[in-house]
Amino acid sequence: MTEGKNIPNSSADVPFRSKELRKQSLIQHTGLVGVIDEGTKTIGFSIYTTPDFKEIAAHRVELSVITPQDGWYEQDPLEIMASINKCAEEAIKQLPEQGFSASDIASVGITNQRETTIAWDAVTGKPLYNAIVWKDIRTSSTVDQIVAKVQDPNHFRNITGLPISTYFSALKIRWLKDNVPEVRQAIRGKRCKAGTVDSWIVWNLTNGALHITDVTNASRTLLMNLETQNWDPVLLKTFAIKEDMLPTIRSCSEIFGKITSERSPLRGMTLSGIMGNQQASLLGQMCVKPGQTKNTYRSGCFLLCNTGDKPVFSRHGLLTTVAYKLGPQSPTIYAIEGAVSVAGHALSWLQSKVRILPDSRDAEKYAEMVPTSGDVYFVPAFTGLYAPYWRQNARGIIIGLTQFTRKNHIVRAALESICFQTRDILECMHQECGYEINKLHADGKLTTNNLLMQLQADTIGMPVFRSQLMDSTAFGAAMCAAQAEGIDLCKFEPEKRYYENVHYDTFLATTTDVERKERYGKWKRAVERSLGWVIKQKKTREHTEENYRMLSSLPASIFLISSFAMLVHSFAATSQ
Ligand SMILES: Nc1ncnc2c1ncn2[C@@H]1O[C@H](COP(=O)(O)OP(=O)(O)O)[C@@H](O)[C@H]1O
Ligand SMILES: O=P(O)(O)OC[C@H](O)CO
């Protein structure tokens, strides 16, 4: 296990968070709330005052990614827990300086990367395999087979709100079951537990007393029925997943239990919030009315539009998902979502693989050195394209190169690709929901890039409001945990601006309709050329690293046969 490197506490950089302000505002505080923010790249623990939600302490570390093969992304579940403990410990150390101590933390919330799947042994508490990360595409061939058979990638959409895709947890659990002998053995012995990362964290923090997830995370598994908000029997049978492996689905905000792990610096504290990270940032951006839309710019981009208490089902490739349910008796609020798999990740790629960028943070400086992208278009379809295309067979292209193209043009084209992909989704949202989306809330680390924000406004022709509170995700999760019944550190009032010091920077479009239309048209042509590049997916058993030795002991046909069985069942089940 490798421990990630520490990241400086960003709260220190935000001007309004002066020590004086913090001290003045300490007087009326009622309690603190801590948030575990388990992102794909970064894990953090932040501590907020209530009821005004100022971040007074935080620590973040980077999480390693294991990429044994092209398209495979894994993470070490033990590193996830060790990093959470480290972040909590370091953040708590900062409290005395603010006049607080760990005992002032009245409640803890969790927000996490969604879909990423872990299986573990309930007896030993040990993971049975690495976490399979959301963007991993090892199950592509299974998806292709299912889609070919049912003739429709949207076969389960009316139940789950999701298309059949490698993105979601069901296929990952199924892969673990079919390919990891330890998982099969644990299933036979009724010792196997599986779930998204929130479930793994809760299991560890409570010494195995709780195996739960919340409705936002569950809605990303391709196993939850959006209407009943329970595991759907048809889907469980289709993927041959036993319900006893899975966590119980709870609301996002209620007292779940106490943290009891002796390894956790949070021991003794109450766990009262769980939310998928993109839903948490929707709440953190206060997008609580139908039509309000946010985009979080991180490794990927995630656009969510609140659709109120009715799910809106997409005809154009968007996902229908649970936005939040702030208590067992509270209404379920839904959202429609478009996910971009590669956003900031394209910059990381230019930095670490192509090496034309010293650091992702230099992207703005590099791109500003040229006035345009020189008609270069970059479609970063490294693992296919998500919404609205949902094409696994797309691959990345950089097109429009001439002898005058410089690395700066490519960096600028990478930034523009983030903006174009965002526009693709916004156009869909407009068509699906009929809402007049006329502004976009932006957050996430990448939004520090002013040029990106300006290019975004110029690409969509509407204002972009960048929250100065870069971390809307943790803020949303903090509100969620703090408002739980029995914790009552705040009352969730959508009209109220909890963060009175939060300001937005506004970026207004400077382009004409004609310019936008022309450039977007070229983007669409570039996307066209990226589609269908992969003619045949690699077989899942073509593995290269020692980690996968267990695969080689498998009869080659097991996965295919079992996939076929799934299909037969799926047909039978869904045609009833
Ligand atoms: N200051 C910055 N300027 C530009 N890009 C950044 C900056 N910081 C991070 N990024 C990009 O954002 C992505 C990581 O965002 P982060 O929020 O840490 O991760 P994740 O989404 O994986 O949890 C990286 O791919 C990186 O390229
Ligand atoms: O950790 P992030 O910001 O990359 O978010 C990942 C998403 O939750 C995946 O659906």
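What's the number of the condition Ala474 fails, among (1) open to solvent by 20 Å² or more (accessible area, probe 1.4 Å); (2) within 16 Å of ligand 2 (Cβ to nearest atom)?
That leaves (1) as the condition not met.
Looking at the stretch 342-367 only, could you name the residues that are surrounded by fewer than 16 Cβ atoms within 10 Å (Cβ to Cβ) and among the acidic types (Asp, Glu)?
The answer is Asp359, Asp362.
So which residues in the stretch 382-403 are aromatic (Phe, Trp, Tyr) and at pLDDT 90 or above?
Matches in the stretch 382-403: Phe382 only.
What pairs can you find where one residue is in the stretch 344-357 and over 13 Å from Asn449 (Cβ atoms), the other is in a loop (DSSP other than H, G, I, E, B) and at pLDDT below 95, and their Cβ atoms are less than 7 Å apart, with a gap of 6+ or different chains?
Listed by first residue and then by second, the contacts come to His345/Ser299; His345/Gly300.
Considering each residue of the stretch 477-490, count those that are out of contact with any Gly (no Cβ under 9 Å at 6 or more places or on another chain) and either within 16 Å of ligand 2 (Cβ to nearest atom) or free of Cβ contacts under 8 Å to residues at least 24 places away in the same chain (or both), and give that number.
Summing the residues that are out of contact with any Gly (no Cβ under 9 Å at 6 or more places or on another chain) and either within 16 Å of ligand 2 (Cβ to nearest atom) or free of Cβ contacts under 8 Å to residues at least 24 places away in the same chain (or both) in the stretch 477-490 gives 1.
Taking helices (runs of 4 or more DSSP H) that fall entirely within the stretch 195-307, which contain at least 1 residues that are crowded, with 24+ Cβ neighbours inside 10 Å and within 16 Å of ligand 2 (Cβ to nearest atom)?
Those helices (runs of 4 or more DSSP H) span 197-205, 215-218, 277-284.
Would you kindly identify the strands (runs of 3 or more DSSP E) lying entirely within the stretch 39-151 that contain at least 3 residues that are at pLDDT 95 or above and away from ligand 1 (no atom under 16 Å from the Cβ)?
Where strands (runs of 3 or more DSSP E) fall fully within the stretch 39-151 and carry at least 3 residues being at pLDDT 95 or above and away from ligand 1 (no atom under 16 Å from the Cβ), they are 105-112, 117-121.
If a residue has to be hydroxyl-bearing (Ser, Thr, Tyr) and either more than 11 Å from Ala335 (Cβ to Cβ) or in a loop (DSSP other than H, G, I, E, B) (or both) to count, how many in the stretch 308-324 make the cut?
1
Please give the number of the condition Asn130 fails out of (1) out of contact with any Gly (no Cβ under 7 Å at 6 or more places or on another chain); (2) in contact (Cβ under 8 Å) with a residue 12 or more places away in the chain; (3) over 19 Å from Ser199 (Cα atoms).
Asn130 satisfies every listed condition except (3).
For the stretch 271-294, enumerate the residues that are at pLDDT 95 or above and within 16 Å of ligand 1 (Cβ to nearest atom).
If the condition is that a residue be at pLDDT 95 or above and within 16 Å of ligand 1 (Cβ to nearest atom), then Met275, Gly276, Asn277, Gln278, Gln279, Ala280 are the ones that fit.
Hey, among the residues in the stretch 152-172 that are assigned to a helix (DSSP H, G or I) and among the β-branched types (Val, Ile, Thr), which one's nearest to ligand 1 (Cβ to nearest atom)?
Looking at residues that are assigned to a helix (DSSP H, G or I) and among the β-branched types (Val, Ile, Thr), I get Thr160.
From Ala323, Ala339, which residue is more than 14 Å from ligand 1 (Cβ to nearest atom), open to solvent by less than 20 Å² (accessible area, probe 1.4 Å) and not acidic (Asp, Glu)?
Answer to the check: Ala323.
Per-residue answers, yes or no, for (1) more than 14 Å from Thr216 (Cβ to Cβ); (2) aromatic (Phe, Trp, Tyr):
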| position | (1), (2) |
| --- | --- |
| Gly308 | yes, no |
| Val312 | yes, no |
| Thr321 | no, no |
| Tyr324 | no, yes |
| Tyr334 | no, yes |
| Leu350 | yes, no |
| Asp359 | yes, no |
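Just the residues that are within 16 Å of ligand 2 (Cβ to nearest atom) and within 16 Å of Asp471 (Cβ to Cβ), please, taken from the stretch 82-120.
Matches in the stretch 82-120: Cys87, Gly109, Ile110, Thr111, Asn112, Gln113.
If we scan the stretch 176-188, do we find a residue that is of a type outside the set (S, T, N, Q), under 13 Å from Ala122 (Cα atoms) and open to solvent by less than 10 Å² (accessible area, probe 1.4 Å)?
yes
Please indicate, with yes or no, whether at least one residue in the stretch 191-208 is more than 18 Å from Trp134 (Cα to Cα) and within 19 Å of the chain's Cα centre (by Cα).
Yes, the stretch 191-208 contains a residue that is more than 18 Å from Trp134 (Cα to Cα) and within 19 Å of the chain's Cα centre (by Cα).
Within the stretch 235-263, which residues are of a type in the set (Ser, Thr, Tyr) and under 17 Å from His211 (Cβ atoms)?
Hits for the stretch 235-263 are Thr248, Ser251, Thr260, Ser261.
The values are calculated or read from the model by the stated rules, or taken from the named source; none is laboratory data. The shown structure was predicted, so the numbers you read here are calculated from the model rather than taken from an experiment. In this analysis, Cβ positions are derived from the backbone assuming ideal geometry, glycine residues included, and neighbour counts consider all displayed protein chains. With ligands, DNA and RNA removed, areas are computed over all heavy atoms of the protein, side chains included. Shrake-Rupley method; radii C 1.70, N 1.55, O 1.52, S 1.80 Å.
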